[in-house]
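The values are calculated or read from the model by the stated rules, or taken from the named source; none is laboratory data. Nothing here was measured: the structure is a model prediction, and the numbers come from that model. Glycine also receives a Cβ, built like all others from the backbone with ideal geometry; neighbour counts cover every protein chain displayed. Protein only, heavy atoms only, side chains kept; ligands, DNA and RNA dropped before computing areas. Shrake-Rupley method; radii C 1.70, N 1.55, O 1.52, S 1.80 Å.
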Amino acid sequence: MDARRAYQLRPVIFLNTVPKSGTNLLNQLLLGIPGSVMNDYVFYEGLVKDLPLQASILNKAVPNDVYMGHVYYSPEWAKLLVRPGIKTIFMIRDLRDVLVSLTYYIIEKLPDYPIYKELVALPTQKERYLLLINGLDDYPNIKNWFGVFQGWLSVPGIFITTYEELMISKASRRRTITAMAEFLWKGSVPPMPIAKLVRSMEANMDSGSSFTFRKGVVGGWRNEFDEEVIAAFKRVAGDVLIQTGYEKDMLWS
C-alpha cells in the first residue's frame, strides 16, 4: 500500500471525555498513532449557539486530524460524531475519583471557575466535596454535572472506554488500546499491523507531561471521603455509579 493510500485510510478521531477522566492521557495515546495531528481547537460543551461554528470546524477535518473536547450529549452532536470518516472515542471515570480530581484542580489551577471563590472560602476539603456533591444555586449537583454527558453511553457507533481500563494494569491497558485501534480501522486497512500500532500508541503515554494531571489514582476517593461524604454521594449520585458499572448496589463504603 502506498503512503498516500494509507493516509486516506486514517480516520478523523474525536476524543470526547468527561472532565478529569484522563483526557490528556488518552490524547497522548492517540497521538502515538504515527502521523496523527492534534487540532488546536478544543470543543467545550457543544451548546446549540455554538453548533454552527463547531460543525463547520469538523466539516473541514481531514484524515489524521485528532480533536478533543468535553461535549455534552445531544442528538445534534451524535449526528455530527457518528458518521463516515469520523471515529469517536468517549471516556469516563469513576465519578467519585472525578470529584476528588476536579476539586483539587479547581482550587489549585482554576481561579476563574464559576464557584472558585466559594470553594476556597471553605476551610476543609471535606466541605468542598460536599459543596460539589450537592451543588450551589445555579451550579449543578454532581449527578446533574455528569448527566449532561451520560447520553453518550447509549449511542451506538462510538468507542466507550474508562480511565480505569487504561490504568489498572498493563494487560488491561493493552487490551483496551488494541480494541480501540481495531475500532478506529474497522472496515479499512491500518497503516501498519495492529500490534505495532498498539505499541506505538502505548509508548506515547506520559502522565508527567500533562498540566492537568495530579495523581491519577484509581480508587483514590477511598482516602478522601469520610462517612458523611459517602452518604451524601450515595444520596445524590449513588444511582449513577450503578448505571456506569462502578457499583452493583448502594452498599459500598
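Residues checked against (1) open to solvent by less than 20 Å² (accessible area, probe 1.4 Å); (2) touching a Lys or Arg at 6+ places or on another chain (Cβ under 9 Å):
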site	(1), (2)
24	no, no
28	no, no
31	no, no
42	no, no
47	no, no
53	no, no
57	no, no
63	no, yes
66	yes, no
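Kindly indicate whether residue 236 is outside any helix (DSSP H, G or I) and either of a type outside the set (Asp, Glu) or in contact with a Phe, Trp or Tyr (Cβ under 9 Å, 6 or more places away or on another chain) (or both). Show your work before the answer.
On the way: outside any helix (DSSP H, G or I): no; either of a type outside the set (Asp, Glu) or in contact with a Phe, Trp or Tyr (Cβ under 9 Å, 6 or more places away or on another chain) (or both): yes.
Against the criterion (outside any helix (DSSP H, G or I) and either of a type outside the set (Asp, Glu) or in contact with a Phe, Trp or Tyr (Cβ under 9 Å, 6 or more places away or on another chain) (or both)), residue 236 does not qualify.
For region 93-100, the criterion of being open to solvent by less than 50 Å² (accessible area, probe 1.4 Å), in contact with a helix residue (DSSP H, G or I) (Cβ under 6 Å, 6 or more places away or on another chain) and acidic (Asp, Glu) is satisfied by at least one residue. Of the residues making up region 39-53, just one is in contact with an Asp or Glu (Cβ under 8 Å, 6 or more places away or on another chain), modelled with pLDDT of 90 or more and of a type in the set (A, V, I, L, M), namely 51. Among the conditions (1) open to solvent by 70 Å² or more (accessible area, probe 1.4 Å); (2) within 29 Å of residue 84 (Cβ to Cβ), residue 160 misses just one, which is (1). Taken over region 128-146, residues that are open to solvent by 20 Å² or more (accessible area, probe 1.4 Å), within 17 Å of the chain's Cα centre (by Cα) and touching a residue at least 40 places away in the same chain (Cβ under 8 Å) amount to 1.
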